[in-house]
1. Only one of (1) among the polar types (S, T, N, Q); (2) part of a helix (DSSP H, G or I); (3) at pLDDT below 80; (4) farther than 27 Å from G277 by Cβ is not met by Q210, so which one is it?
2. Keeping to the range 144-166, report how many residues are of a type in the set (V, I, T) and at pLDDT below 90.
3. Restricting the search to the range 159-173, which residues are over 19 Å from I384 (Cβ atoms) and within 15 Å of the chain's Cα centre (by Cα)?
4. Any residue at all in the range 355-367 that's under 22 Å from G92 (Cβ atoms) and either touching a helix residue (DSSP H, G or I) at 6+ places or on another chain (Cβ under 9 Å) or basic (K, R) (or both)?
5. May I ask you to list the residues in the range 277-309 that are surrounded by fewer than 20 Cβ atoms within 10 Å (Cβ to Cβ), farther than 17 Å from A264 by Cα and of a type in the set (G, A, S)?
6. Can you tell me which of T328, T346 is among the hydroxyl-bearing types (S, T, Y) and either modelled with pLDDT under 85 or surrounded by fewer than 22 Cβ atoms within 10 Å (Cβ to Cβ) (or both)?
7. Which pairs do you get when a residue that is within 14 Å of V104 (Cβ to Cβ) and at pLDDT 80 or above, found in the range 216-230, comes within reach of a residue that is in a helix (DSSP H, G or I) and of a type in the set (A, V, I, L, M), reach meaning Cβ atoms under 7 angstrom, with the pair 6+ apart or on two chains?
8. Report whether or not A315 is closer than 20 Å to L170 by Cβ, at pLDDT 85 or above, outside any loop (DSSP other than H, G, I, E, B) and touching a helix residue (DSSP H, G or I) at 6+ places or on another chain (Cβ under 9 Å).
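The values are calculated or read from the model by the stated rules, or taken from the named source; none is laboratory data. This structure is a prediction, so every number in the text was calculated from the model and none was measured. Cβ: placed from backbone, ideal geometry, glycine included. Neighbour counts: every protein chain shown.
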Amino acid sequence: MCGAGVCLGIITGLTPGLHVNTLLPFVVLLPISGTMGAVLIFSLAVTHTFLDFIPSTLFGVPDEDTALSILPAHRLLLQGRGYEAIKLTIIGSLGSLMISCALVPLLVLVIPCIYVAINPYLAYILLGFVVLMAGSERTLYRISAACVVFLISGIYGYIALNSPLVSSDLVLFPMFCGLFGMSTLLVSATCSATLPLQPVDSRIHLSQIQIMLNMAKGAVAGIFVSLFPGIGPAHATAVISVRSSPRAFLVAVSGVNTANAVYALIVAYTVGKARSGAVAAIQNLIQVDRAALAQLLSCGLLAAGIASVAALFIARQMLKLLSRVHYTAVVAGTCCMLVILVWVMTGVRGVALMGVGCLIGLLPLFLAIRRSHCMGALLLPILIYHLGISL
C-alpha cells in the first residue's frame, strides 16, 4: 500500500489542480482494510509534498501550499538553475521530515498543553501574523502598500469564499492561479524570450549550515501550521523567512509542507483534531493510537525516500524537454492550460475570478513589496470569522 500511495502522490503532485483531497473519496471506497487504507493515504500525502513543486517551478501552476514559492523558483529557472530549485525543495522536504519525526516524542507531550493555552487567543495570534508580515517591509511606504494589498486581496478572497460564484471545494484553484500563477507567468514572459539552458548538476549554492538552518525553520513552521487553523505553509514560511534568499526560502517552504503532514498526524493523536483532509480520512478508517502513529510514520519515511528519487528523475526529464522549447511558447502554452483547466473545473465564473486575482497579483510587483501579502485572500476571511465580525 505504501508503493500505491507513492504512485498516486506522484500523479497528484504533477497534475495541476489535482490535490490529495480530490482522491480521498475514492481511496476510502477501495476494498482494503482500514490500516492498509491509512498507510496508502499517508504515503500519498507525503509523496505529494515532494512532487508538487515541480509544476509550480517549471510552469507557474500553484496550489495553496506552493503559491509563495513560485517567484523564487522562477528566478532560479530564468537563471538556468531550475534543477537546483527543484532539488532544494526535495532537500528541504526530506530534511524537515526527518527533523519532525525526531521531534515526535517531545511533541506528543507538549502539543496538548500548547493547544489548550493558545485556543482562547487564536484570533489575536492570527492578527499578530498579519502585523508581522506587514512590518517586515521596514519602510513606511512599503508597509502602507503591504496593508493596501492585504486588504484588497482579503476583500477579494472574502467575496470569492462567501459567494456562490464557484463551489467551495474548487474556489481556491482559480484564486491562486490568478494571484500567483498567471501574474508570475506574465511577468516572466517579459523577462526572457528564451529559457536558458538548464544544466543538470548536483551543485547547491547554499552552505551546509544554511541548508540545516532552513530545514529546521521548515520543521518549526510546520508546528504553527498544524496548530493554527488558517495558517498555511505559505503563511508560516513567509513569517519565519522574511529576509531569506530565494534558495533558503525554497528549502524552508518545502520543509513546512512535508513536516506539516507529520504534525497533523500528531495533533490527531494527541488532541483528536484533524488539521488536513488526509488525516480526517485516516481518522475515519482507524483510531490513531501509538502503534498506528509509529506504523504511519515509518511508511511516510519510506515513501519520502522513494519520492525523492522519483522527483529528481522526473525533474531531469522535464527540464531536458523545456530547454528545447522557446520560453514564450512555454508561457503561452501554460497560460492557455491554466485558463482551460480553470474553465473545465469551475466554468466561466472561475475564469473571471482568476482574471481579477491576476490583476491583484501584479500589484506587489509594481509596488516593490513581497507577494506574501496577497495571502490576505485567505487570512482576512479567517480573521473575520475568528474575531466574530458579522458582514
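1. (3)
2. Within the range 144-166, the subset of a type in the set (V, I, T) is 148-149, 152, 155, 159, 166.
Filter once more, so that each one left must be at pLDDT below 90: 166.
Going through the range 144-166 one residue at a time, the tally reaches 1.
3. F173
4. Looking for residues that are under 22 Å from G92 (Cβ atoms) and either touching a helix residue (DSSP H, G or I) at 6+ places or on another chain (Cβ under 9 Å) or basic (K, R) (or both), one finds none in the range 355-367, hence no.
5. Of everything in the range 277-309, those that are surrounded by fewer than 20 Cβ atoms within 10 Å (Cβ to Cβ), farther than 17 Å from A264 by Cα and of a type in the set (G, A, S) turn out to be G305, S308.
6. Values: T346 fails: either modelled with pLDDT under 85 or surrounded by fewer than 22 Cβ atoms within 10 Å (Cβ to Cβ) (or both).
Just a single option satisfies the conditions, and that option is T328.
7. Matching pairs, first to second residue: A219/I99; A219/A259; G222/V256; G222/A259.
8. Details: closer than 20 Å to L170 by Cβ: no; at pLDDT 85 or above: yes; outside any loop (DSSP other than H, G, I, E, B): yes; touching a helix residue (DSSP H, G or I) at 6+ places or on another chain (Cβ under 9 Å): yes.
Here the answer is no, as A315 does not meet what is asked.
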